[in-house]
Amino acid sequence: MGCGAAADEWAARAVERLTTMLGSDSVRVAQWRGGRDVGEVFALTPAAVVDMERRAESVVIKETVWSGALPTPSPSIVYDEPLLAVVNDASGCVVIVSGRHELSASPAHVVIGRHAYNVLSWAGPWPVEERWWDPLRQRRAVRMQMVLARDGDDIAHTTTHAVVMVLEHGEWWMTARYG
C-alpha cells in the first residue's frame, strides 16, 4: 500500500468516526461537480452520502477542463460572499470591459474594503456568457487573475496575494484567493 492510499484510508476512517460522533449531516467533504466558476467546481456534501473509498479515484477521473473555466491551478480559498472591490487604471479611472471583452486600460490599483493594493501582474479577461437566450437567468461577467501587493509596502517586504476578480453588473468583486 502506497503512502497516498494509506493517507486516504486514514482520512476515510477519521471522517467515519466524526460522522458517528456528530451525526450524518454534520461532517461534509468536498465533492467534484464541475463548472466554469471556482465556486461551483466543488460542493460540500454530507460525508454519509459519499463513498469515501472511491472518492479519491472518482475525483481524478471526473475532473475535466470546462470550456470557459479559469486555467489551473484552482484557487485554494473561495469566498462564500465575494468582497466588493474597485479596480482602477494608472490614472485612477475605474477599469471597465467593453462588449467585445476589451479592457479600457491595464489594471494598476485595487481597493478592497479599507485596503489598497498595487497590481503587480494580471491575466485575462475571461468572459462568462451563460444562458444568453434566457432573459431571467442570463449572466454576463468577466473574470481576471491578479497578483496584488499591499500599497505602500517596502519592496523587500512586500506581501503579495494572487486573486480572482470578477466584473459583473458594473461592479468588481474578489471571489477567490490563491494560497
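Computed values, structure above
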read-out	value
From Met146, Met165, residue being assigned to a strand (DSSP E or B), in contact with a Pro (Cβ under 7 Å, 6 or more places away or on another chain) and not assigned by TED's automatic domain parsing to the domain that holds Asp37	Met146
Gly124 being assigned to a strand (DSSP E or B), assigned by TED's automatic domain parsing to the domain that holds Met165 and small (Gly, Ala, Ser)	yes
Residue tally, condition of a type in the set (A, V, I, L, M, F, W, C) and over 16 Å from Val164 (Cα atoms), over region 104-115	1
Qualifying positions in region 61-79 - assigned to a loop (DSSP other than H, G, I, E, B) and either among the aliphatic types (A, V, I, L, M) or at pLDDT 90 or above (or both)	Val65, Ala69, Leu70
Number of positions in region 96-142 that are loosely packed, with under 15 Cβ neighbours inside 10 Å and of a type in the set (Gly, Ala, Ser)	8
Residue count for region 43-57, restricted to those that are at pLDDT below 70 and assigned to a helix (DSSP H, G or I)	6
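Residues checked against (1) within 27 Å of Ala162 (Cβ to Cβ); (2) modelled with pLDDT of 70 or more:
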site	(1), (2)
Asp8	no, yes
Ser26	no, yes
Arg36	yes, no
Val41	yes, no
Val59	yes, no
Glu81	yes, yes
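The values are calculated or read from the model by the stated rules, or taken from the named source; none is laboratory data. This is a predicted model, so every value here is computed, not measured. So basically every Cβ, Gly included, is an ideal-geometry build from the backbone, and we count neighbours across all protein chains shown.
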